[in-house]
Structure formats: C-alpha cells, structure tokens
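**Q** Below are the structure tokens for one structure; questions will follow.
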Amino acid sequence: MSRHQSTPSHPDPVLARRLSRSPDEELLSGAAGFAAGLAAGLGGPADAWLPDSGEEVLLVTSSAVVRAEVERIVAAAGAHLRVVADALEGARYWDGSAAVLVGSDIRELPPRRRAPAVLVGLDGEGDSLWHLAAALGAERVAVLPDAAAWLADHLSRSRAPGPGGIILGVTGGCGGAGATTAAIWIAQAASGMGARVLLVDGDPWGGGLELAIAAEERPGLRWPDLSEARGSIDSGQLSDSLPVSGGFSFLSWPASREQPVPVAAPTTTGVLDAARRGYELVVLDIGRGPGPLQSYAWDCDRIMMVVPAQLKAAVAAVRLLHEFPPVEAGLLVRGRPGAALDGPLISEAIGLPVHGRVPELRGVGGAMDSGRLLELGKRRSIRNFAASVLDSLGDELPEGEFG
C-alpha cells in the first residue's frame, strides 16, 4: 500500500476544513471574501484583484435561468453585469466589457469580435456544451450551478496582472502513442533547465502516472484528496502539498486497484487555475477520448498530440482532433528518422505542425513498467527532443527560467 493510501485523505486539518465547505459557502468565501483579504487555507490572497467599480461583465443570453444564476455569481465577484438577449444587441458593448459570457442558447456571435471568455450552460446539457464552445471559440465552459464558485473566482482574477505560467497539454493521437512518456520527459527537461514545473495526470483510468516515475510512495496529495475542493485554491498551499520527484512536482491518480474517485469539472478547473498561478510550466498528460479532453484540455494554453509514424495512427489522430478545444495545437511524431511516413507527411495529413520527434528507443516499455523513465530522460536524444518542444512555446514561457 502506498503512503498516501495509508494516511487520512486530508492530512492538513486546515485543508480538510476548507475542502469540506459547501459550494455556496465557498462562493462567498472564495469570491466576495477576497475583498476581506482571506489568505488562510484555500482562500484567495489578501491582495487578490477585484474588478473596478466601473467595469462591466457582459452576459449574452435569453435564458431567465442562466441570467439568474450569473447575476448572483457576478455580484459575489464584485462586478457589474449587463445582460443582452442576443449577440446583435451585445455587439455595441462587446469590446468594452471586462469579460464576455455567452449562454448556451446563443448560436452566433457578432463579426470581428474577440472570443467569449466563458460559455455558460446548465447541468444536464451534456456534451453539446463543449461542441458549442468549440464552435464559438469560447475559452472556458462553466456548467451551473456546480461551477458557480469557480466562475466567481475566474471573473475576479480574469484581468489581474501576471497570469502566471502556461499549461501544456500532451495527449496521444491513438492508443499506446506514448503521451505519458513524452509528458514526463518534457517536465523533467524543463525542471532541469530551472523552471518551476508541475506534471499533472489527466487520465483517471491510466493506472497512475506515479508508477512510471517510481513515486507511488512519495508523500503528498493525489487527485482523490482534492475531490471535495471548491472555489479558489491557494497556489502556495497546493504546491506545498504535492509530492516531488525528478526535480518537479506531480499530481497523480493513485496507483491502486480501486475505482477512481470522481472529481467534478469545477474542482479540476480550480486545481489547474491554482497550478497556473503557482508554477511556470504545467505539463498535463491528457487521456485519450472525449471525456478526458472535456475535463482537462479546455484549461490548456497549448496541446501537443503524440502520433506514431504510421498511417493508422494518423487517421485516428484526425478523428481525435475534432474533440480539441480552440487552442493552438501541434504534433510530436514518434518514430525513427527516415520512416516511410515521415514528419512532413503526417503534418500534412493531420493539418498540424510538427514541434518535435519523440525518439524511438529500446526498453521504453520496460522502463515505464519499472519506473525508470526518468533515467532514460537523461539521454541526449531525449533532452534534445524535450528542448525542441520547450523552444516551440516561445515567449509563452515566463522569461528568465531557462537562462
């Protein structure tokens, strides 16, 4: 039994008390409570940004239910709300608003306007919300009422200076592509260059990323320990509570035979928001399929898809691409140089640029099973691969950490 399985779910009593709060309690303490300077536990920092009194949040919807929910949330965030029934009416206020929210009843946006910050829907609307968000180009999706605390916090922080680090998603274009391996090596290389890095396991059914780095006994929180978290999560306390291996922090699903404990979408978003504030680079290993993509990919700034240099893998990758959120994406091609289906051909077939080639090495499977991937990550070919990926991020990485 691993150490985190043999200890209480919430070893920190302050953390446990805050994680046990109801959504409504956390909405008040996590949003309006910022003004009072709540800095303890998982609350916001004392100097958290709140919208200026003159700034407006624009909500475009004709749904009375969505309007009522958002009115309560925006009030808790300390902002003013303007509600319009359709995009045509909202066009005149669009560019001057601090944030733009669009209800799930809206199907068209005014021309030449920035993408809405959040698509707001209601519990029970299902997968259609994410398809609509992708079509509209929305940055986030908030399913109410569960995401009320998160949305209040998001509005409070959305225009704060210094947004923090970036979240790089890594997913496989087909089964067995090697996304977890690539994500671990990228995190290892970035931490070796001096960056503050968090590696996140975004595959509840993957068996636990911690096994691949032989870290299942490292003390610290895993995803189930955060399942009851609501609202704003303090980035400092989160980083202090996570285990460390290979020079970087990690948040993994536990390596156990038990069924994964469900973690609600607002909780996942809250954790990743805190991670963005606390780390310079968050590498998110996203499981394949619509479920993991909906749960994790929408919080990413970039997504890299690992694709073996094979025709079947390229076809599968094209299908998966339809489930991606509207963020910049690229390919990491796995294979030996000189393969019949090389990088340029795969790039043309899928329609994404190639940002790196994952080396095809003997013994990777065995290293994964025995937890020795970090040893392989020290090889020059692996470090060169990871450096090419990090270079592709360009100015998105905070300046100075690789100097």
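Read-outs throughout are calculated quantities, based only on the coordinates presented, and are distinct from any laboratory measurement. This structure is a prediction, so every number in the text was calculated from the model and none was measured. Because the Cβ atoms are built from the backbone with ideal geometry, glycine has one as well, and the counts that use them run over all protein chains shown.
**Q** Just need the relative contact order of the stretch 166-396 here, percent rounded to a whole number, with Cα pairs under 8 Å and 6+ apart.
**A** The value is 30 percent.
**Q** Could you grab the Rg to Rh ratio for the stretch 49-157? Cα atoms only, Kirkwood for Rh. Each step should come with its number before you reach the end.
**A** Numbers: Rg = 12.5 Å, Rh = 13.6 Å.
Computed over Cα atoms, the ratio is 0.92.
**Q** Place the peptides 102-108, 221-227 in order of packing, highest mean first, counting for every residue the other Cβ atoms within 10 Å and averaging per peptide.
**A** 221-227, 102-108
**Q** Another question about this same structure. Counting only residues 5 or more places away or on other chains, whose amide H sits under 5 Å from the amide H of LEU242 once H atoms are built in the peptide plane?
**A** LEU221
**Q** Continuing with this model, one more query. Excluding ASP273 itself, what net charge comes from residues whose Cβ is under 12 Å from its Cβ, given Lys and Arg +1 and Asp and Glu -1?
**A** Values: positive: ARG140, ARG157, ARG276, ARG277; negative: ASP153, ASP234, ASP299.
Summing Lys and Arg as +1 and Asp and Glu as -1 gives +1.
**Q** Calculated FRET efficiency, SER128 and ARG336, Cβ-Cβ r, R0 41 Å, to nearest 0.05?
**A** The pair SER128/ARG336 has a calculated efficiency of 0.45.
**Q** Using the Cα centre of the stretch 332-393 as origin and beta-carbon charges of +1 (Lys, Arg) and -1 (Asp, Glu), tell me which of PHE385, LEU374, LEU352 is placed farthest towards the positive end of the dipole.
**A** Result: LEU374, furthest along the dipole toward the positive end.
**Q** For a protection proxy built on the mean count of beta-carbon atoms within 10 angstrom, sort 82-94, 321-333, 190-202 highest first, please.
**A** Taking the mean over residues of other Cβ atoms within 10 Å, the ranking is 190-202, 321-333, 82-94.
**Q** Starting from the Cα of GLU217, step 7 Å along the direction of its Cβ; do the same at ALA349; then give the gap between the two resulting points in nm.
**A** Result: 4.4 nm between the two label points.
**Q** With 14 Å as the cut-off, how large is the P(r) tail for the stretch 181-223, expressed as percent of Cα-Cα pairs?
**A** Beyond 14 Å sits 53 percent of the P(r) for the stretch 181-223.
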